[in-house]
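Read-outs: derived from the displayed coordinates by stated rules, not from any lab. Here the structure is a predicted model, which is why all the values come from computation and not from measurement. Using ideal geometry, Cβ is built from the backbone for each residue, glycine included, and neighbour counts are taken over all protein chains shown.
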Amino acid sequence: MMKKIAHMRQTENQGCRGLFLAGEYMRVPSVNGAVVSGIDAAKEAIAYLSENIPKPKAS
Ligand SMILES: Cc1cc2nc3c(=O)[nH]c(=O)nc-3n(C[C@H](O)[C@H](O)[C@H](O)COP(=O)(O)OP(=O)(O)OC[C@H]3O[C@@H](n4cnc5c(N)ncnc54)[C@H](O)[C@@H]3O)c2cc1C
């Protein structure tokens, strides 16, 4: 089961830029797993946004 979850984490949200999945199904199915997956998704979102938000033009 853990192998399947690890595979899903690597493949499931490919091809949809700006989509970050979280929830127990992304980690060990428990409250702890759900929280860790949410923290990881937030980190991925921050990294994505820092690369994809246009920088303001210098005046
Ligand atoms: C009886 C039971 C006992 C448990 N005991 C423990 C325990 O002791 N310790 C432990 O660590 N874990 C326990 N768990 C597991 C734990 O509850 C889950 O792993 C955890 O709640 C998962 O969190 P989650 O946010 O991923 O999903 P969820 O808590 O299931 O949250 C998903 C949310 O999405 C909502 N939703 C679903 N579909 C849609 C939709 N289409 N549109 C909008 N909203 C939607 C749902 O209503 C729900 O509020 C238990 C689970 C059960 C069922």
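Using only DSSP helix segments of four residues or longer, with each worth -39500 (n - 2.57), what per-residue ellipticity at 222 nm results for the chain after dividing by its residue count and rounding to 500?
-18000 deg cm²/dmol
Simple spin-label model, 7 Å along Cα-to-Cβ: E24 to H7 in nm?
Label at E24, label at H7, 2.3 nm between them.
In whole Hz, what ³J(HN,Hα) sequence does segment 36-48 give by Karplus (6.51, -1.76, 1.60; θ = phi - 60°), x for Gly and Pro?
So the J values, rounded to whole Hz, are 4, 5, x, 5, 4, 5, 5, 5, 5, 5, 4, 4, 4.
How would R27, R17, R9 line up from fewest to most surrounding beta-carbon atoms within 10 angstrom?
Ordered by Cβ neighbours within 10 Å, fewest first: R17, R9, R27.
Quick check: from the Cα gyration tensor, does segment 2-52 come out rounded (a/c under 1.5), prolate or oblate?
It is oblate, given that a/c is not under 1.5 and a/b is not larger than b/c.
Rank these for me by crowding, I5, I39, going from fewest to most other beta carbons within 10 Å.
In order of increasing Cβ crowding within 10 Å: I39, I5.
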